[in-house]
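Below is one structure, written out as structure tokens; comments come after it.
The values are calculated or read from the model by the stated rules, or taken from the named source; none is laboratory data. Since the structure is predicted, the reported quantities are computational estimates derived from the model, not experimental observations. Because the Cβ atoms are built from the backbone with ideal geometry, glycine has one as well, and the counts that use them run over all protein chains shown.
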Amino acid sequence: MIIGIDIDNVISDLDKTFLEEFLKEDKNKRNAGIVDPKAKHMTEGMFDWTQNEIDEFLINNMDRMSMDFELIPQSKYYIDKLKDDGNRIIIITGRDRRIFKNPEDVTKKWLEKNNIYYDELVFKKSQHKIKECKKCKVDIMLDDLATNVKKLRENNINAYLVKTRYNENYSLNMPMLSNWENIYNFIKNMKCEEK
């Protein structure tokens, strides 16, 4: 099988580092702390920052912060197992120059630092990764953004939502995988059903 995998909040724990960094930076702003703990995301109302403050902070810090992203539990282990089972692993990421100064370099360094196996690394140029998934002929795509998964599925791409804090209550009727053990077993069962 050809497996497409997003990076942030699928392989890397972007949210953990974001929360730590936003809390530190908040002290340099109005020091209000978290104003809405139920906000969808740090960048969507959790803090009292303006959109310009959020954008400026991300543009100036994203490359540095992303090198500190920890691995999502068991992601490396199960990606290695998927590779060992004979699957082709294609990392398809939405990282771009809107908030990264050098997304390609930073991403390759992070993958190397964490010893993440992949056959191909693709930076999306289309909205929702549709063209990239079709070009790479992925059999399954794993992503944390519900809008991406919805659009991929509407375009006949077998996409699955990987559960995160901000998408766990997503009301659309789409399949969700809760963790990497669940992802691995799901893909293994898919392969068995194809035989």
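At pLDDT below 95, over 23 Å from I54 (Cα atoms) and buried (at least 19 other Cβ atoms within 10 Å of the Cβ): is that true of V149 in this structure?
The answer is yes for V149.
Scanning for something out of contact with any Gly (no Cβ under 8 Å at 6 or more places or on another chain), on the phi > 0 side of the Ramachandran plot, surrounded by fewer than 15 Cβ atoms within 10 Å (Cβ to Cβ) and of a type outside the set (A, V, I, L, M, F, W, C), does the range 161-175 turn up at least one residue?
For the range 161-175, residues out of contact with any Gly (no Cβ under 8 Å at 6 or more places or on another chain), on the phi > 0 side of the Ramachandran plot, surrounded by fewer than 15 Cβ atoms within 10 Å (Cβ to Cβ) and of a type outside the set (A, V, I, L, M, F, W, C): absent.
Could you say whether any residue in the range 15-26 is among the hydrophobic types (A, V, I, L, M, F, W, C), touching a residue at least 40 places away in the same chain (Cβ under 8 Å), surrounded by 14 or more Cβ atoms within 10 Å (Cβ to Cβ) and not assigned by TED's automatic domain parsing to the domain that holds K131?
Yes; the residues of the range 15-26 include at least one that is among the hydrophobic types (A, V, I, L, M, F, W, C), touching a residue at least 40 places away in the same chain (Cβ under 8 Å), surrounded by 14 or more Cβ atoms within 10 Å (Cβ to Cβ) and not assigned by TED's automatic domain parsing to the domain that holds K131.
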Kindly indicate whether I92 is under 22 Å from M1 (Cα atoms), assigned by TED's automatic domain parsing to the domain that holds K150 and touching a Gly at 6+ places or on another chain (Cβ under 9 Å). yes
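Would you call I183 in contact with a Gly (Cβ under 9 Å, 6 or more places away or on another chain), in the same structural domain as R95 (by TED's automatic domain parsing) and either in contact (Cβ under 8 Å) with a residue 60 or more places away in the chain or under 17 Å from I2 (Cβ atoms) (or both)?
No; evaluated as a whole, the condition is false for this residue.
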Within the group N87, N115, which residue is crowded, with 17+ Cβ neighbours inside 10 Å, over 17 Å from L14 (Cα atoms) and among the polar types (S, T, N, Q)? N87
Going through the range 45-79 one residue at a time, which ones are closer than 25 Å to R30 by Cα, surrounded by 13 or more Cβ atoms within 10 Å (Cβ to Cβ) and of a type in the set (S, T, Y)? S66
If a residue has to be among the charged types (D, E, K, R), closer than 19 Å to L14 by Cβ and touching a helix residue (DSSP H, G or I) at 6+ places or on another chain (Cβ under 9 Å) to count, how many in the range 148-168 make the cut? 2
Checked the range 27-44 for anything exposed (fewer than 14 other Cβ atoms within 10 Å of the Cβ) and assigned to a helix (DSSP H, G or I); matches are E44
